[in-house]
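Novice: Got a structure for you, questions after.
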Amino acid sequence: MKILLTGANGFLGQYLSAQLLEKGYHVMATGKGESRLGIKGKGGFHYKSMDFTNPFDIHDVFTEYKPDIVVHAGAMTKVDECETEQWQAYLTNVEGTITMLLNAEEQKSFFLFVSTDFVFDGETGTYTEADIPNPVNFYGKTKAEAEDAVKEYDYEWAIVRTSLVYGQPIGGRSNLLTVVQQKLNNGEKYKVVNDQVRTPTYVEDLAAGIVSIIEKKATGIYHLSGMDILTPYEVACKTADYLGLDKSLLQKVTAENFSQPARRPLKTNLIIEKARKELGFNPLSFEDGLKSTFPS
Ligand SMILES: NC(=O)c1ccc[n+]([C@@H]2O[C@H](COP(=O)([O-])OP(=O)(O)OC[C@H]3O[C@@H](n4cnc5c(N)ncnc54)[C@H](OP(=O)(O)O)[C@@H]3O)[C@@H](O)[C@H]2O)c1
């Protein structure tokens, strides 16, 4: 089975590449520019530079590789950047996904799209796969629009929604836990919101959930997140406590007194019962996720 992965240099992509290889898949990992992956020279693993906003790049890779499965994990992921650079965000997250779908259709590939809890408005919280997206910022809008395009795909597809992914970044972007560690280690104060609710997701769990979808050829929408419902401030405090760092440097703020270009949805805790039942998805508790992120 040949898998084409986008966003392979990213936080999730690094872990997903490793797990897919362990399962014996042939992986064509792609990213912008050169590989930043630790994996090199392993049988069944290839890397190709592919900017998925460039239709010629995409077409070349699909024609050469003919993937059975496409995992589209790459995206413009910084929420504030999407708000201030909307054209680039649209081009990357919506147009890029549509071009990937058009090429995948020619190969009749299974198409798995990685989406976000930010497709919801956060008014009610506790979202299931059946709830209707209603994004409150541009990043969420692009991901919701890309989801709509995936739902129109002629062959088998799956959409994975996840929330506040954390873990040790191998080469990809940092996350709330590693930023807290870095700030507090440097003795810097750090403002964290306490009026938003998420279900933080350990990156290895997310990767394992995606692998299960591939193995079971499961289709439709799946929420893959952790099971603890926490505010970012609570996440930061637990991280500081676990690492024995000075928690008093963490400043509790609310969205109202914390100015950011993009509005954030308030409560986006995801219900994962469907994934538990159908995929055997069994994520770590946040306490165990902390231990896995910072092994002693
Ligand atoms: N991290 C979270 O908390 C979170 C939460 C919900 C959903 N998600 C979703 O999960 C997926 C993976 O996120 P992540 O945390 O791994 O993000 P990430 O570390 O930012 O990785 C995204 C990757 O996409 C690549 N990319 C962006 N534009 C590209 C283009 N035009 N052509 C090729 N590659 C491009 C980036 O390349 P460069 O590194 O070269 O820029 C980056 O490596 C995304 O779809 C995201 O929306 C993440």
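The values are calculated or read from the model by the stated rules, or taken from the named source; none is laboratory data. Everything numeric here is computed off the predicted structure, so don't read it as measured data. As a convention, Cβ positions derive from the backbone with ideal geometry for all residues, glycine included, and neighbour counts pool all protein chains shown.
Novice: Answer yes or no: is there a residue in the stretch 223-233 that is under 30 Å from Ala149 (Cα atoms) and acidic (Asp, Glu).
Specialist: Within the stretch 223-233, not a single residue is under 30 Å from Ala149 (Cα atoms) and acidic (Asp, Glu).
Novice: In addition: Every residue in the stretch 256-283 that is surrounded by fewer than 20 Cβ atoms within 10 Å (Cβ to Cβ) and of a type in the set (A, V, I, L, M, F, W, C), please.
Specialist: Listed by number, the residues that qualify are Phe258, Ala262, Leu266, Ile271.
Novice: Among the numbered conditions (1) of a type outside the set (A, V, I, L, M); (2) surrounded by fewer than 18 Cβ atoms within 10 Å (Cβ to Cβ); (3) touching a Pro at 6+ places or on another chain (Cβ under 6 Å), tell me where Asn186 comes up short.
Specialist: (3)
Residue by residue, here is whether (1) within 11 Å of the ligand (Cβ to nearest atom); (2) in contact with a Gly (Cβ under 6 Å, 6 or more places away or on another chain); (3) of a type in the set (A, V, I, L, M, F, W, C); (4) farther than 30 Å from Pro261 by Cβ holds:
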| position | (1), (2), (3), (4) |
| --- | --- |
| Leu12 | yes, no, yes, no |
| Gly24 | no, no, no, yes |
| Leu37 | yes, no, yes, yes |
| Ala75 | yes, no, yes, no |
| Gln88 | yes, no, no, no |
| Glu105 | no, no, no, yes |
| Ser109 | no, no, no, yes |
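Novice: Test each condition in (1) touching a Pro at 6+ places or on another chain (Cβ under 8 Å); (2) farther than 20 Å from Ser115 by Cβ; (3) of a type in the set (A, V, I, L, M, F, W, C) for Leu176 and report the one that comes out false.
Specialist: (2)
Novice: Also: So, of the residues in the stretch 151-172 that are more than 12 Å from the ligand (Cβ to nearest atom) and not basic (Lys, Arg), which turns out to be nearest to Met100 (Cα to Cα)?
Specialist: Here the residue is Tyr153.
Novice: Ok, one more. Would you check which residues across the stretch 44-96 are of a type in the set (A, V, I, L, M, F, W, C) and assigned to a loop (DSSP other than H, G, I, E, B) and list them?
Specialist: Met50, Phe52, Ala73, Ala75, Met76
Novice: Among all residue pairs at least 6 apart or on different chains, which show Cβ distances below 7 Å where the first residue, located in the stretch 108-133, is closer than 14 Å to Ile229 by Cβ and in a strand (DSSP E or B) and the second is hydroxyl-bearing (Ser, Thr, Tyr) and modelled with pLDDT of 95 or more?
Specialist: Tyr127/Thr268
Novice: Answer yes or no: is there a residue in the stretch 229-250 that is part of a helix (DSSP H, G or I), small (Gly, Ala, Ser), in contact with a helix residue (DSSP H, G or I) (Cβ under 6 Å, 6 or more places away or on another chain) and buried (at least 18 other Cβ atoms within 10 Å of the Cβ).
Specialist: Yes, the stretch 229-250 contains at least one residue that is part of a helix (DSSP H, G or I), small (Gly, Ala, Ser), in contact with a helix residue (DSSP H, G or I) (Cβ under 6 Å, 6 or more places away or on another chain) and buried (at least 18 other Cβ atoms within 10 Å of the Cβ).
Novice: Then there is this: Give me a count of the residues in the stretch 11-42 that are small (Gly, Ala, Ser) and in contact with a Leu (Cβ under 9 Å, 6 or more places away or on another chain).
Specialist: Selection size over the stretch 11-42: 5.
Novice: In the list Gly33, Gly43, which residue meets the criterion of being away from the ligand (no atom under 14 Å from the Cβ) and modelled with pLDDT under 95?
Specialist: None of the others qualify; the one that does is Gly43.
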